[in-house]
1. Can you pull out the residues in the range 116-156 that are over 29 Å from K40 (Cβ atoms) and among the aliphatic types (A, V, I, L, M)?
2. Can you confirm whether the range 172-182 contains a residue that is part of a strand (DSSP E or B) and either touching a strand residue (DSSP E or B) at 6+ places or on another chain (Cβ under 6 Å) or surrounded by 22 or more Cβ atoms within 10 Å (Cβ to Cβ) (or both)?
3. Go through the residues of the range 248-255 one by one and say whether even a single one is buried (at least 17 other Cβ atoms within 10 Å of the Cβ), in a strand (DSSP E or B) and under 31 Å from the mean Cα position of the chain (by Cα).
4. Whether any residue in the range 261-269 is within 28 Å of S212 (Cα to Cα), modelled with pLDDT of 90 or more, of a type in the set (S, T, N, Q) and out of contact with any strand residue (DSSP E or B) (no Cβ under 7 Å at 6 or more places or on another chain) is what I want to check.
5. Pairs, please: C-beta under 7 Å, at least 6 apart or cross-chain, first residue under 11 Å from K223 (Cα atoms) and in the range 269-282, second in a helix (DSSP H, G or I) and open to solvent by less than 30 Å² (accessible area, probe 1.4 Å)?
6. In the range 145-164, which residues are surrounded by fewer than 18 Cβ atoms within 10 Å (Cβ to Cβ) and of a type outside the set (A, V, I, L, M)?
7. Taking the conditions exactly as written (surrounded by fewer than 17 Cβ atoms within 10 Å (Cβ to Cβ) and either at pLDDT below 90 or closer than 30 Å to R138 by Cα (or both)), does S190 satisfy them or not?
Amino acid sequence: MELVFDQVTKQFKNKLAVNHVSLSLKEGIYGLLGANGAGKTTLMRIMCGVLKPDSGKVCYNGISVQEEAFRDVLGYLPQQFGHYPDFSAMDFLMYLAALKGLPKRQAKEKSLELLELAGLSSVAKKKIKTFSGGMKQRLGIAQSLLNNPKVLVMDEPTAGLDPKERVKFRNLISKLGDGRIVLLSTHIVSDVEYIADVVLIMKDGMIIHNGSLDEIIKAIEGKVWECIVDGQTAEKLMANFPSINVRKEQNGTFLRLVCSQKPVEGAVNVKASLEDLYLYFCDK
């Protein structure tokens, strides 16, 4: 099982949205991080065969994602998940299963199984318009799994969810990595930090980091510092070094920043996190 991006490029007028991206994705959960406008959605739409690249290609096990055969192994949860508000959750899944060509008996069994997986069995007969944002997103995951896809793509699936719903959603996604390729795009660092096997960081249409959490954090290992300084010193440090966190305290200003050497006397070197890495490279 392998999904390969080979020198994929896509440009919109003067915007180079995807810039010669080459990747190889195998079984597991991939977290795609990047600021708004980094090119994440364009890359995912190309991966799903919704957009054609200007150059390069994407193939799954040697099959182009533009071919009809790829649709049979693809599950997709777009950023704007469309649904019918007056349908019940069960009716909605049965309707989509019919569109995907599942026999009625199989569709019913699969729909019940996925409602259970998504934690929605108790509300299977309730109308979708009564659901919270998190419940709708979990229903979105359920519909994307109807055809038991080998490739599952989710674009900003936790955007707008409260912390409790985000945790439920993350726990659901973490169960889905066995036997399939899962690509989760987001700008919420903690979602990726908790569940991704491999982290991809995208900036200006390019993948600038690709590896496990431990591997990519090595880029700023030993360079993250914390200190408490007076206001004037804080201003100087913030002007010279990337600042990850700043807050006022009773005895001065607390700073967490990235610097190759100790920035000021009394600064303490601390363990780097994915958020440190993300902010350091994406805010440059």
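The values are calculated or read from the model by the stated rules, or taken from the named source; none is laboratory data. Just so it is clear, the model here is predicted, and its values are computed rather than measured. Cβ: placed from backbone, ideal geometry, glycine included. Neighbour counts: every protein chain shown. Keep in mind that these areas ignore ligands, DNA and RNA; they rest on the heavy atoms of the full protein, side chains included. Shrake-Rupley method; radii C 1.70, N 1.55, O 1.52, S 1.80 Å.
1. V123, A124
2. The initial filter retains those residues of the range 172-182 that are part of a strand (DSSP E or B), namely 181-182.
Narrowing further to those that are either touching a strand residue (DSSP E or B) at 6+ places or on another chain (Cβ under 6 Å) or surrounded by 22 or more Cβ atoms within 10 Å (Cβ to Cβ) (or both): 181-182.
Checked against the condition, which is being part of a strand (DSSP E or B) and either touching a strand residue (DSSP E or B) at 6+ places or on another chain (Cβ under 6 Å) or surrounded by 22 or more Cβ atoms within 10 Å (Cβ to Cβ) (or both), the range 172-182 yields at least one hit.
3. Residues of the range 248-255 buried (at least 17 other Cβ atoms within 10 Å of the Cβ): 253, 255.
Those still in the list that are in a strand (DSSP E or B) too: 253, 255.
So of that shortlist, the ones also under 31 Å from the mean Cα position of the chain (by Cα) come out as 255.
So far as the range 248-255 goes, yes, one or more of its residues are buried (at least 17 other Cβ atoms within 10 Å of the Cβ), in a strand (DSSP E or B) and under 31 Å from the mean Cα position of the chain (by Cα).
4. The initial filter retains those residues of the range 261-269 that are within 28 Å of S212 (Cα to Cα), namely 261-262, 268-269.
Next, only the ones that are modelled with pLDDT of 90 or more stay: 261-262, 268-269.
With of a type in the set (S, T, N, Q) added as a condition, the list becomes 261, 269.
Still in the list and also out of contact with any strand residue (DSSP E or B) (no Cβ under 7 Å at 6 or more places or on another chain): 261.
Yes, because at least one residue in the range 261-269 is within 28 Å of S212 (Cα to Cα), modelled with pLDDT of 90 or more, of a type in the set (S, T, N, Q) and out of contact with any strand residue (DSSP E or B) (no Cβ under 7 Å at 6 or more places or on another chain).
5. A272/I217; A272/I220; D276/I220; L277/I216; L277/I217; L277/I220; Y280/I220
6. Of all residues in the range 145-164, those surrounded by fewer than 18 Cβ atoms within 10 Å (Cβ to Cβ) come to 148, 159-160, 162-164.
If the condition is that a residue be surrounded by fewer than 18 Cβ atoms within 10 Å (Cβ to Cβ) and of a type outside the set (A, V, I, L, M), then N148, G160, D162, P163, K164 are the ones that fit.
7. Working: surrounded by fewer than 17 Cβ atoms within 10 Å (Cβ to Cβ): yes; either at pLDDT below 90 or closer than 30 Å to R138 by Cα (or both): yes.
Against the criterion (surrounded by fewer than 17 Cβ atoms within 10 Å (Cβ to Cβ) and either at pLDDT below 90 or closer than 30 Å to R138 by Cα (or both)), S190 qualifies.
Yes or no, residue by residue, for (1) part of a helix (DSSP H, G or I); (2) over 19 Å from F70 (Cβ atoms):
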{"position": "Q106", "(1), (2)": "yes, yes"}
{"position": "K125", "(1), (2)": "no, yes"}
{"position": "G140", "(1), (2)": "yes, yes"}
{"position": "L146", "(1), (2)": "no, no"}
